[in-house]
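Right, one structure below, let's go through it.
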Amino acid sequence: MRKTVFTVKPATSKTPRRISSGQSLKGAVGLITRTCSLFGFALGLSACIHTVPIYPSMAHSPASGEYLSARLAARENDIDKAGAAFGRLAGAFADDPVLVRQAMFYRLASGDIPSALAYAEYILEQNATPQIAAPDDDAAGEEGDLPVAEPSDDQQSDALAHLVVAAGAFKRDDYLAVDAALDFDANTPLIASVVHILKAWNTFGKAGATAGLAALDIGSSDLFIGFHPTHQALMAEQSGYTRLALGAHENSAFGLGGPVGRRAYGAFLERSSDEATTRQYYELISTQPGPDGKVARYGLQRLDRGEKSDAFSQVTPAEGAAIAFYAFAAFIVEEFAAQREKAAALGANVGPPRYNFPLSLAQMSIYLDPELDEARRLAGIIYNLYGDHSSARAILAEIDASSPHYEQARVEIAAGLSAEEQYDEAFAVLRKTIARDPFANEARFAMANIASRQENHARAVSLLSDLIGRLGEQPMQSDWRYFIARGDALMQMDRWQDAEADLKKAVDLAPDEPTALNYLGYSWAERGINLQDAFALIEQAVEADPTSGAIIDSLGWAYYQTGDYHEAVLHLEQAASLEPADVTVTEHLGDVYWRLDRRIEARYQWERALELMPGDKQANKIRLKLANGMDRENSVTMPGK
């Protein structure tokens, strides 16, 4: 997952476009900061199972309609509705283990843990063997959808029900009940890895921190131990093993500990290290956008006041289990997102996003520790991805204003409102955020993005100019995003020279950032100027991000601008396979087909581009092409146009 940035894609000076006010999923989760080959652990948590047929007992009863309603809700990722419908079915057909499991799963994913717990206890009492992980995604197993390995029935077993019952026992501090719930054969490495950490925290609860540490160290070689340093650090501090805690915290913060690990390390340094070391750490992460930067600012403010944080100093077994559930939830989201990207790069139809299993883990995390804001953000992000913006707002609104995640949570709430075209409400949320925190530059950036979405480019430029004016004389590397965004808005206003200066500034700040390289290179190529430099920038961007449809499109368009249509079409077809729903990519493919005298295919692509709902200017341009074709003599846009 990349760093937390708003998605910005090149646009021509003629063609207005909207800068997304959403974030990449990986950037939002921000868990895995190094490359790791962990995907095999997730395969046992398949997001697909075969379609469950209508049961004969329902075929001629009112329940058949309820079942179809439940399945439709599942297909559309309407978690609450699916949970309610499957719950009613489970009440009517309590002897059907599949329906009971689906009821448990959807109640869990929707955050109704008490209901999910009741179903899970019933499942274990009946010794059923329902399918694990994601009955929600039964609709995803159709031809052409994302291929994900499916475990066998004995692997699927009752693992999720065991985890739910264990969560309920952790909540009650009933460690004997946790022992009983976790006493099962976890047949997938990922489930076994989760269970191992939960057992260590349970031992911590029963016998103390030293025993918990020992339990964490004992395990099979098949376990994934990337998250162990985080839990080792939290237990070691409570055992009085300060040196062990320090080393584990360092491994966590600079390894796979994610936002929790980085936040916990800073708090530990405040309590246990000298001020210079602590200040150095906070200054290191202060350059990062989003919550990490806020963690640093709040930490430095405490140092200035002579205060120390007590965060993560007395983690309970329930809170430790919550951290484990969150970490694996975020990991699964990242792995599935990466798999979707790879499949899309190969031309597969990946279908809609389905993250209901990690959503369930995140809900258990929130249940066990309502103040673990990282888990709240993850759940809110998934709800927004599903288009369930009201549920996203409800869960994100619980993040307190004192949290380093508060600003980003408000940005995500505003993004959901913007997606619903409630622009005034979105602006109101962001203005209140800025009024509370004058350093809330992410909120300012979000306001500019919403203005661009409305095609109010003058307002976007004004907002971004105010933001950039607050950066000081030496903007940070991560500030390249603001210059790209303002450059884009300036291009929509036909202020090319001002826009070019901003695009160059973005590349100066982040010379290895593929989006910045691509944006400047594409903008030159679009105008037929500096083509040699444009090719160099775009090729550098392709090398950095070879699966980006937007960047591949830029390379194809650069060849198009030189008149090399045969080379251009190869790249533009590849870009269209990577970005089939992108208006500009689709339009470009139509253009090159026309130049190659493939007129029927060209018109088909232009018609598709219109179906993708471009902005008014771009739509009018495409309609003119459909009506009149293209003038072969004007294949290269004149400089400055």
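The values are calculated or read from the model by the stated rules, or taken from the named source; none is laboratory data. Quick caveat, the model's predicted, so the values are computed rather than measured. Positions of Cβ are generated from backbone atoms using ideal geometry, with glycine treated the same way; all protein chains shown enter the neighbour counts.
What are the residues in the stretch 484-508 that are among the β-branched types (Val, Ile, Thr) and either farther than 27 Å from residue 412 by Cβ or exposed (fewer than 15 other Cβ atoms within 10 Å of the Cβ) (or both), if any? First the steps, then the outcome.
Pass one, the stretch 484-508, residues among the β-branched types (Val, Ile, Thr): 484, 507.
507 - this is the single residue of the stretch 484-508 that is among the β-branched types (Val, Ile, Thr) and either farther than 27 Å from residue 412 by Cβ or exposed (fewer than 15 other Cβ atoms within 10 Å of the Cβ) (or both).
I'm trying to understand the selection: among the residues of the stretch 572-617, which are assigned to a loop (DSSP other than H, G, I, E, B) and among the hydrophobic types (A, V, I, L, M, F, W, C)?
Pass one, the stretch 572-617, residues assigned to a loop (DSSP other than H, G, I, E, B): 579-582, 596-598, 612-615.
Passing the criteria: 581, 596, 612, 613.
Filter the stretch 175-223 for residues that are hydroxyl-bearing (Ser, Thr, Tyr) and either surrounded by fewer than 23 Cβ atoms within 10 Å (Cβ to Cβ) or assigned to a helix (DSSP H, G or I) (or both) and give the result. Talk me through it step by step, then tell me what you get.
Start the filter on the stretch 175-223 by keeping residues that are hydroxyl-bearing (Ser, Thr, Tyr), which leaves 175, 188, 193, 203, 210, 220-221.
Matches in the stretch 175-223: 175, 193, 203, 210, 220, 221.
Quick one: residue 281 ticks every box in (1) in contact with a Leu (Cβ under 7 Å, 6 or more places away or on another chain); (2) in contact (Cβ under 8 Å) with a residue 60 or more places away in the chain; (3) not small (Gly, Ala, Ser) bar one, so which box is it?
Going through the list (1) in contact with a Leu (Cβ under 7 Å, 6 or more places away or on another chain); (2) in contact (Cβ under 8 Å) with a residue 60 or more places away in the chain; (3) not small (Gly, Ala, Ser), residue 281 breaks only (2).
Could you say which residue among 247, 266, 255, 293 is within 25 Å of residue 326 (Cα to Cα), small (Gly, Ala, Ser), outside any helix (DSSP H, G or I) and out of contact with any Leu (no Cβ under 9 Å at 6 or more places or on another chain)? Explain how you work it out, then say what you get.
Numbers: 247 fails: outside any helix (DSSP H, G or I); 266 fails: outside any helix (DSSP H, G or I); 293 fails: outside any helix (DSSP H, G or I).
Of 247, 266, 255, 293, the one residue that is within 25 Å of residue 326 (Cα to Cα), small (Gly, Ala, Ser), outside any helix (DSSP H, G or I) and out of contact with any Leu (no Cβ under 9 Å at 6 or more places or on another chain) is 255.
Would you mention how many residues in the stretch 388-447 are in a loop (DSSP other than H, G, I, E, B) and of a type outside the set (S, T, N, Q)? Can you show your working first?
To start, the set of residues in the stretch 388-447 that are in a loop (DSSP other than H, G, I, E, B) comprises 388, 397-405, 420-422, 437-440.
The next check asks that each one be of a type outside the set (S, T, N, Q); those that pass are 388, 397-401, 404-405, 420-421, 437-440.
Here the count works out to 14.
Consider only pairs whose beta carbons are under 9 Å apart and that are at least six residues apart or on different chains; among these, list those whose first residue lies in the stretch 379-404 and is closer than 11 Å to residue 417 by Cα and in contact (Cβ under 8 Å) with a residue 60 or more places away in the chain and whose second residue is among the β-branched types (Val, Ile, Thr) and crowded, with 23+ Cβ neighbours inside 10 Å.
Filtered contacts from the stretch 379-404: 384/413; 388/79; 388/382.
Among the candidates 397, 409, 414, single out the residue that is surrounded by fewer than 24 Cβ atoms within 10 Å (Cβ to Cβ) and within 17 Å of residue 437 (Cβ to Cβ). Step through it out loud before you land on a result.
Values: 409 fails: surrounded by fewer than 24 Cβ atoms within 10 Å (Cβ to Cβ); 414 fails: surrounded by fewer than 24 Cβ atoms within 10 Å (Cβ to Cβ).
After ruling out the rest, the residue left standing is 397.
Out of 87, 111, 83, 91, which single residue is at pLDDT 85 or above and assigned to a loop (DSSP other than H, G, I, E, B)?
On the way: 87 fails: assigned to a loop (DSSP other than H, G, I, E, B); 83 fails: assigned to a loop (DSSP other than H, G, I, E, B); 91 fails: assigned to a loop (DSSP other than H, G, I, E, B).
Going through 87, 111, 83, 91 in turn, the sole match is 111.
Taking the criterion of being under 27 Å from residue 429 (Cα atoms) and not in a helix (DSSP H, G or I), would at least one residue in the stretch 376-387 satisfy it? Talk me through it step by step, then tell me what you get.
Of the stretch 376-387, the ones under 27 Å from residue 429 (Cα atoms) are 376-387.
Of the ones still in play, those that are also not in a helix (DSSP H, G or I) are 386-387.
So far as the stretch 376-387 goes, yes, one or more of its residues are under 27 Å from residue 429 (Cα atoms) and not in a helix (DSSP H, G or I).
Can you tell me which residue among 444, 459, 410 is within 21 Å of residue 390 (Cβ to Cβ) and either in contact with a Leu (Cβ under 6 Å, 6 or more places away or on another chain) or charged (D, E, K, R) (or both)?
Numbers: 444 fails: within 21 Å of residue 390 (Cβ to Cβ); 459 fails: within 21 Å of residue 390 (Cβ to Cβ).
That would be 410, the only listed residue that is within 21 Å of residue 390 (Cβ to Cβ) and either in contact with a Leu (Cβ under 6 Å, 6 or more places away or on another chain) or charged (D, E, K, R) (or both).
In the list 358, 291, which residue meets the criterion of being under 16 Å from the mean Cα position of the chain (by Cα), closer than 20 Å to residue 407 by Cβ and either buried (at least 19 other Cβ atoms within 10 Å of the Cβ) or of a type in the set (Asp, Glu) (or both)? Spell out the reasoning first.
Working: 358 fails: closer than 20 Å to residue 407 by Cβ.
Result: 291 is the single residue among 358, 291 that is under 16 Å from the mean Cα position of the chain (by Cα), closer than 20 Å to residue 407 by Cβ and either buried (at least 19 other Cβ atoms within 10 Å of the Cβ) or of a type in the set (Asp, Glu) (or both).
Output the residues belonging to the stretch 90-99 that are buried (at least 17 other Cβ atoms within 10 Å of the Cβ) and more than 20 Å from residue 160 (Cα to Cα).
Quick first cut of the stretch 90-99, residues buried (at least 17 other Cβ atoms within 10 Å of the Cβ) only: 90, 93, 96-99.
The one that is buried (at least 17 other Cβ atoms within 10 Å of the Cβ) and more than 20 Å from residue 160 (Cα to Cα): 93.
From the set of residues in the stretch 294-347 that are of a type in the set (Gly, Ala, Ser) and out of contact with any helix residue (DSSP H, G or I) (no Cβ under 7 Å at 6 or more places or on another chain), which is nearest to residue 404 (Cα to Cα)? Outline the logic, then answer.
The initial filter retains those residues of the stretch 294-347 that are of a type in the set (Gly, Ala, Ser), namely 296, 299, 306, 309, 311, 313, 318, 320-322, 324, 327, 329-330, 337-338, 343-345, 347.
If we keep only those that are out of contact with any helix residue (DSSP H, G or I) (no Cβ under 7 Å at 6 or more places or on another chain) too, we end up with 306, 338, 343.
Values: 306: 20, 338: 27, 343: 35 Å.
For the stretch 294-347, the residue satisfying everything is 306.
Please work out which one of (1) crowded, with 17+ Cβ neighbours inside 10 Å; (2) in a helix (DSSP H, G or I) is the condition residue 283 fails and give its number.
All conditions are met except number (1).
For residue 271, all conditions in the list (1) surrounded by fewer than 20 Cβ atoms within 10 Å (Cβ to Cβ); (2) within 25 Å of the chain's Cα centre (by Cα); (3) not polar (S, T, N, Q) hold save one; what is the number of the exception?
Evaluating residue 271 over (1) surrounded by fewer than 20 Cβ atoms within 10 Å (Cβ to Cβ); (2) within 25 Å of the chain's Cα centre (by Cα); (3) not polar (S, T, N, Q) leaves (2) as the failure.
Do you know which of the residues in the stretch 543-589 that are surrounded by fewer than 24 Cβ atoms within 10 Å (Cβ to Cβ), hydrophobic (A, V, I, L, M, F, W, C) and modelled with pLDDT of 95 or more is farthest from residue 608 (Cα to Cα)?
570
Every residue, every condition in (1) more than 25 Å from residue 343 (Cβ to Cβ); (2) in contact with a helix residue (DSSP H, G or I) (Cβ under 6 Å, 6 or more places away or on another chain), yes or no:
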{"residue": "544", "(1), (2)": "no, yes"}
{"residue": "571", "(1), (2)": "no, yes"}
{"residue": "576", "(1), (2)": "no, yes"}
{"residue": "581", "(1), (2)": "no, no"}
{"residue": "586", "(1), (2)": "no, yes"}
{"residue": "593", "(1), (2)": "yes, yes"}
{"residue": "599", "(1), (2)": "yes, no"}
{"residue": "605", "(1), (2)": "no, yes"}
{"residue": "614", "(1), (2)": "yes, yes"}
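Considering only the stretch 239-250, how many residues are closer than 15 Å to residue 317 by Cβ and crowded, with 20+ Cβ neighbours inside 10 Å?
Adding up the residues that qualify gives 0.
Does the stretch 618-641 hold any residues that are part of a helix (DSSP H, G or I) and either within 34 Å of the chain's Cα centre (by Cα) or modelled with pLDDT of 90 or more (or both), and which are they? Steps first, please.
Step one: filter the stretch 618-641 for residues part of a helix (DSSP H, G or I), giving 618-628, 632-634.
Those that are part of a helix (DSSP H, G or I) and either within 34 Å of the chain's Cα centre (by Cα) or modelled with pLDDT of 90 or more (or both): 618, 619, 620, 621, 622, 623, 624, 625, 626, 627, 628.
From (1) farther than 26 Å from residue 543 by Cα; (2) among the hydroxyl-bearing types (Ser, Thr, Tyr); (3) touching a residue at least 40 places away in the same chain (Cβ under 8 Å), pick out the condition that doesn't hold for residue 515.
Failed condition: (1).
Taking residue 338, is it crowded, with 21+ Cβ neighbours inside 10 Å, of a type outside the set (Phe, Trp, Tyr) and assigned to a helix (DSSP H, G or I)?
Numbers: crowded, with 21+ Cβ neighbours inside 10 Å: no; of a type outside the set (Phe, Trp, Tyr): yes; assigned to a helix (DSSP H, G or I): yes.
Spelling it out, it is not the case that residue 338 is crowded, with 21+ Cβ neighbours inside 10 Å, of a type outside the set (Phe, Trp, Tyr) and assigned to a helix (DSSP H, G or I).
Within the stretch 461-507, track down each residue that is of a type in the set (A, V, I, L, M) and either in contact with a His (Cβ under 8 Å, 6 or more places away or on another chain) or not in a helix (DSSP H, G or I) (or both). Can you show your working first?
Of the stretch 461-507, the ones of a type in the set (A, V, I, L, M) are 461, 463-464, 467-468, 471, 476, 484-485, 489-491, 493, 499, 501, 503, 506-507.
The answer is 471, 476, 489, 490, 493.
Among the candidates 242, 188, which residue alone is without any contact (Cβ under 8 Å) to a residue 40 or more places away in the chain and of a type in the set (Ser, Thr, Tyr)?
On the way: 188 fails: without any contact (Cβ under 8 Å) to a residue 40 or more places away in the chain.
Every option except 242 fails the conditions.
Inspect the stretch 468-483 for any residue being surrounded by fewer than 18 Cβ atoms within 10 Å (Cβ to Cβ), under 21 Å from residue 552 (Cα atoms) and in contact (Cβ under 8 Å) with a residue 12 or more places away in the chain and give the result as yes or no.
No, because not a single residue in the stretch 468-483 is surrounded by fewer than 18 Cβ atoms within 10 Å (Cβ to Cβ), under 21 Å from residue 552 (Cα atoms) and in contact (Cβ under 8 Å) with a residue 12 or more places away in the chain.
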